[in-house]
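Each value in this text was obtained by applying a stated rule to the coordinates, not by laboratory testing. As the structure is a prediction and not an experimental result, all values here were calculated from the model. Cβ atoms come from the backbone with ideal geometry, glycine included; neighbour counts cover every protein chain shown.
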Amino acid sequence: MLTYALRRLVSLALSLAVASLVIFLVVEVAPGDPAAYMLGTGAQPDTIEALRSELGLDQPRLERYLSWAGGMLTGDFGTSYTYRAPVAQMVADRLWVSLPLALYALALSTLLAFPAGLYAAARRGRAGDVAVMGATQLGIAIPNFWFAMLLVLLFAINLGWFGAGGFPGWEQPLAAIKALTLPAVALALPQAAILARVLRSALIDILGEDFIRTARAKGLTRFEALWRHGLRNALIPVLTIVGLQFSFLLAGAIIIEQVFFLPGLGRLIFQAISQRDLIVVESVVMLLVFAVILVTFLTDLAYAWVDPRLRRRA
Amino acid sequence: MTPRILAPLAALAFAAAPALAQENDLTLAIQLEPPHLDPTSAAAGAIDSVLYANVFEGLTRFAADGSVEPALATEWEISEDGLTYTFTLRSGVTFHDGTDFTAEDVKFTLDRARAEDSTNAQKVLFEAIEEVNAVDPQTVEVRLSRPEGAFLSNLAWGDAVIVAEESIADIKQTPIGTGPFRFEQWVQGDRIELARFEEYWGEAPALEAATFRFIADPTAAFAAVMAGDVDAFAGFPAPENLPQFESDPRFTVITGSTEGETILAMNNAREPFDDPVVREAVAHAIDRQAIIDGAMYGIGTPIGTHFAPHNPDYVDLTELSAHDPEKARKLLQEAGLEEGLTVSLKLPPPSYARRGGEIVAAQLREVGITAEIQTLEWAQWLEEVFGNHDFDLTIVSHTEPMDINIYARDDYYFGYDSPAFDEIMTELDATAEPVARSELLKAAQEKIAEDYVNGYLFQLALPTVADARLEGLWENQPTQANPLAGVHWTE
C-alpha cells in the first residue's frame, strides 16, 4: 500500500509542476491588460503605466513566473491585481461556499443514486426498472442551469420557500444551508442520474457472476444477494464516477453559481478572467488542477481499499 | 422521487423563514461588483455606484438633476483671472474613523490625484491644478495654471472625493469617508453592507442600514426581484421583463436617463472612414429608433451628437443624420464606393453593443456596407480598439458626464483631429460665464455632428425596478451613483 501511495504521490507532484507552467503561459498570452481594464476609457497612457508598475506588471515574465510558482510552494498565492487582496484569502473565502456546495450536491446525488440504481438492478427489465431508467435519461438530458431556473421559479418565486439566490454566510448556519439547497439540488440531479445508471449496469454485470448464483442458491433473494455481496464489488466503477463528479462539482459550478448569484470559486474565476486579474486566474486554475489531481489520488487509494487485489499488484 | 425531496426542503424552508422587509433597511442590487473600494484609483463605474455620496463626498457634488452643488465646501471665491479658487470648508465634519476633516485632507487628496505616479483614472480632471494650499483648517486655495471653466464640476466627480491620509493605506478594502453611511463589511462576490453614520454633518438618512448586492445574470436579476430578495434593482439588466413589472402593483419601474452617449464609433484616422462623405453615408444608413426598439426594448432617447439630451445646453441634431438609405447609397457613390465595402465592427460585451451591433450591421447591409461582426471581451476591446485603434467600427457607450472634450484629445481611439473643434474647447476652458459657456457647448455639439465624426445612436437609459413603497431613489444618473441619504419607505 505504501509504495503504491508513494508512486502516486510522485506523479502528482510532476503533474502539478507541468500544470503550473502551462497555466501561466496560456493566461499570459491572452490579450488584455489588467491595468487598462481597471482604469477604463478615461485614463491617460501615463496613468496606465503608473498602475502597471505599481502592480509589478512591468517585470519580465520569467521573473513573475518564478515568484508566483515559488510563492505558491510556501502558500503565498500573491496579491490580486484588481481586488488588491491576498489571493489565498480570497480563494479560501470562496471555498467556504464552493466546497460545502460540492459536498452537499455529492451527498444528495449519492443518496438518490444508490437506492435508484439498486432498485433498478434488482427489478431489471420490469416496469420499475424502466421507470427509473426513463427518469435518469431525463435527468441527464436536462441542462442543470435550466433545471436551476425551474427550481427558482417554483420554490423562490411561486412558493416563496427559498430566496432566489445569494449566500448569507456561515454565521447563520441554517440560512446558509438553506441558501445552498436549491443550487445543490440543481447540481445533484444530473449527477445522480449518471451515477444511478453506472451503478445499475455494474450491478447487472455482477448478477451474472458465480458468487451471486451461490448466494441465491443458499436462499437469499435477488435484492439481498445484491446488497450483501454485489454492492461492494460494483463500487470500483462507481467510485471512479464519484471522483470525477466531485471535481466537476467543484470546478463546474460556474453557471449554477451565476444563476443563484453565489459568491463561489466559479464566480471568482469568471470575474477574474473578464477583468484580466491574471494572478487570480492562474492561482484558482492551479488550485482546481490540484483538487482534481488530489481527488484522483484519493480515488486511487480508495480503489485499493475496496479491492485488496490492487494493493498487492502495486 | 418528488415527495422525498420536498419533505425535507419544506421543513428547512420553515425553519429559517426569510426576515420580512423592515422599514429602516434597504437591499439594493446592481449588476457589477466593484473591483476594490477606492474611487480615486480605478475607473469609477461600480465603485461609485456603491460609494458616491453614500460613503465618500467631494468638495462639490452632483445633485439629482445634474447641477453642481456645495458638499464639503460651503462656498468658494474665484479670482478675476479665473486662476485662483478659494474654498471655505464645512465645519464640524468628521470622517467615519472619528478624525476631523480639514484643509489638509483636501490638499492631500488633490495632490495625490495629480501626482506623477497617480493611478487616478480621471487624472485629466486635475491637470490644470498648479498648487494647493491649506490656508487654515477651514480654507483651501487652489491655483490653476490655466482657466478651467468646468473646474467646480470636475471636483464633483467620484474620482475627486476627499480621502484622508490616515486611512489611505487600507482604502481599497476599508473605505473611510465623510458621507451619511459608513462602510460595514464586504462579502466579496456577494454584497457590501453600509450603516448609517450617526455623526453625519447633514440631515440624517432615514435608512439605518443598506446592503448592495451584485447580480450579473439577467435571469437571476429577475428572480431576485420577483422573490423579494432585493428591494430594488438599479440598472435592471433584463429590459424584456420590464412590462411585467410595470403591470405588477408591487413594483415601480423608473426609467431614468444616464450620461451614456451610445455611439457607433468610426475610425476617422484610417480608410474608409477618414473620408467625411463615407461617415455621412453611415450616419444616414442608421435607423436609431429601430436600434432602440430592437436592442433596448424601446428604452433610450435618440441623439444626434455627443451630448446628453437632458442637459439644458443640448441641441437636437438628429435631423442632420436622419435615416435615409437612398441618400446613404448616393453618398457612397460620390465617395467612389458604389461597389460596396467591407469593414470590421468590433463589439464589447454589453447588450446594447451586442444586440445593437446586429441591427446596425443589417442596416449597413441595406446600403451596401458589409460589416463583419467580431465580439470582444472588455479587456480585449480596451487593448485592440481603445488602445491600438485597430478597428473600423465599434459600438460603445461613453458614460462619463460632460465628456464632449474627448473629441479634442490627441490620439483618441476614434482618431478625430480638428483644430477648429480644439479651439472651441480651449475657449470653453477659459470661459466661466454661463451664457457664453452654453453657446460654446452648442457650437461644439454642432461641429462634431456636421463632421459626422461618429454615428450617434441613443442616450443609454437606466431602468430601475423597485418596491412600490420605496421613495427617493435617483431617477436619472447625472453621474453613476445610487445616493441613499434621501431614500425612505412609505406605507
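Note on A:154-164: average number of Cβ atoms from other chains within 10 Å of each residue's Cβ is 6.
Remark: mean inter-chain Cβ contacts per residue of A:268-278 equal 3, using a 10 Å Cβ-Cβ cutoff to other protein chain atoms.
In chain B, helices alone account for a calculated mean residue ellipticity at 222 nm of -7500 deg cm²/dmol, with every DSSP H run of four or more residues adding -39,500 (n - 2.57). Sorting A:97-110, B:243-256, B:402-415, B:462-475 by their mean Cβ neighbour count within 10 Å, with the most densely packed peptide first, gives A:97-110, B:462-475, B:402-415, B:243-256. Would region B:39-167 count as rounded, prolate or oblate if I go by the C-alpha gyration tensor, calling it rounded below 1.5 in a/c and otherwise prolate when a/b exceeds b/c, oblate otherwise? Rounded is the answer for region B:39-167, as its axis ratio a/c remains below 1.5.
Taking a straight Cα-Cα cut-off under 28 Å and skipping sequence neighbours fewer than 8 places away in the same chain, the lysines within cross-link reach of residue B:442 are B:123, B:327. Size descriptors for the protein assembly as shown, from the alpha-carbon set: Rg then Dmax equal 30.4, 110 Å. For residue A:17 and residue B:115, a Förster radius of 51 Å and the Cβ-Cβ distance give a FRET efficiency of 0.75, rounded to the nearest 0.05. Taking a quarter of the surface of the Cα convex hull of region A:94-274 gives a mean projected area of 11.9 nm². Computed extension gain for residue B:244 through residue B:373, at 0.36 nm per residue and net of the alpha carbon distance, reaches 43.2 nm. Taking the C-alpha atoms only, the angle from helix A:231-251 to the longest principal axis of chain A is near 20 degrees.
Over the protein assembly as shown, what is the percentage of antiparallel beta bridges among all DSSP beta bridges, to the nearest 5? Show your work: numbers first, answer last.
Details: 56 of 75 bridges.
The answer is about 75 percent antiparallel.
Per residue, chain A reaches -25000 deg cm²/dmol at 222 nm when only DSSP H runs of four or more residues are counted, each adding -39500 (n - 2.57). Once a ≥ b ≥ c are taken as the square roots of the eigenvalues of the Cα gyration tensor of chain A, is the result rounded (a/c under 1.5), prolate (a/b larger than b/c) or oblate (a/b not larger than b/c)? Oblate. In whole angstrom, note down how far apart the Cα centers of region A:250-283 and region B:373-422 are. Cα centroid of region A:250-283 versus Cα centroid of region B:373-422: 29 Å apart. Inter-chain Cβ neighbour count for B:117-129, averaged per residue, equals 5 (cutoff 10 Å, partner chain atoms only).
Fewest neighbouring Cβ atoms within 10 Å first, the residues B:112, A:276, A:228 line up as A:228, B:112, A:276.
Among rounded, prolate and oblate, which fits region B:362-470 when a ≥ b ≥ c are the square roots of the eigenvalues of its C-alpha gyration tensor, a/c under 1.5 means rounded, and a/b larger than b/c means prolate? Walk me through the numbers before you get to the answer.
Details: a/c = 1.81, a/b = 1.17, b/c = 1.54.
It comes out oblate by the Cα gyration axes.
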